[in-house]
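Below: one structure, written as C-alpha cells.
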Amino acid sequence: MKCLFCGCEDSKVIDSRSADEGRTIRRRRECTNCGKRYTTYETIEDTPVLVVKTSGLRQAFDARKIRNGIIKACEKRPVPLTAIDEMVAAVTKKVYNSLEQEISSKELGEMVMEELKKYDEVAYVRYASVYRSFKDVESFMNELQILMENKKL
C-alpha cells in the first residue's frame, strides 16, 4: 500500500477493526518513511452472478428484487420482517455458494418458494401463482394438492 503523502510502499498497521457488520476490515496505517497516518479498507471481492431470464436476457442478481417479491407475497400475512430478511439471506447465500456465474430465473424462483414454504403456506401459494403463471383454477388446485400431500408426509 503506497503512502498517500510520500509514495513510500512501506507502512505498518497501527489499528485493525471490523467494519460494515463484519464484511470489511478497516486498517489504520502509519508510513515508515514520513510518519503520516492514513486509513485503508479491505473487502471481499465478489464476482457478479447473472440471472438468466426465460427470454434469454441476462441481468445482475439483485437481492432487493428477491426481497420485494417476498414482501409482496407476505403482504397482510403474519410474517415478521426478520423472517423476510432471513429468507433473503438464505437465498442469497445459496446463489453465491453455488459458485456459478449464472443462475436461471427458474432455479432462483424455486429457491424463493422453498424458503417461503417454511414460513407461510399462503405466501408460498401467492408467490407460486405469480411465478408459475397459473392459467386456470385447475393448475392452481394442482399446486394446492401437492402442498397438502407434502404437509401430510
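The values are calculated or read from the model by the stated rules, or taken from the named source; none is laboratory data. Bear in mind the structure is a predicted one, so any value in this text is a computation, not a measurement. Cβ placement follows ideal geometry from the backbone for every residue including glycine, while neighbour counts extend to all protein chains displayed. These area figures cover heavy atoms from the full protein model, side chains too; ligands, DNA and RNA do not enter into them. Shrake-Rupley method; radii C 1.70, N 1.55, O 1.52, S 1.80 Å.
Remarks
- Filter pass, ASP85 being assigned to a helix (DSSP H, G or I), surrounded by fewer than 16 Cβ atoms within 10 Å (Cβ to Cβ) and among the charged types (D, E, K, R): yes
- Highlighted here are the strands (runs of 3 or more DSSP E) found entirely within segment 8-61 that include at least 2 residues which are touching a helix residue (DSSP H, G or I) at 6+ places or on another chain (Cβ under 9 Å) and touching a residue at least 12 places away in the same chain (Cβ under 8 Å): 37-43, 50-52.
- Within segment 126-147, the set of residues being among the hydrophobic types (A, V, I, L, M, F, W, C), open to solvent by 20 Å² or more (accessible area, probe 1.4 Å) and either within 22 Å of the chain's Cα centre (by Cα) or modelled with pLDDT of 90 or more (or both) comprises just one member, VAL130.
- Taking (1) closer than 13 Å to VAL51 by Cα; (2) assigned to a helix (DSSP H, G or I) in turn, ALA128 satisfies each apart from (1).
- Filter pass, VAL112 being closer than 17 Å to ARG64 by Cβ and either without any contact (Cβ under 8 Å) to a residue 12 or more places away in the chain or surrounded by 13 or more Cβ atoms within 10 Å (Cβ to Cβ) (or both): yes
- The residues on offer are ILE71, ILE103, and the sole one that is surrounded by 14 or more Cβ atoms within 10 Å (Cβ to Cβ), out of contact with any Cys (no Cβ under 6 Å at 6 or more places or on another chain) and assigned to a helix (DSSP H, G or I) is ILE71.
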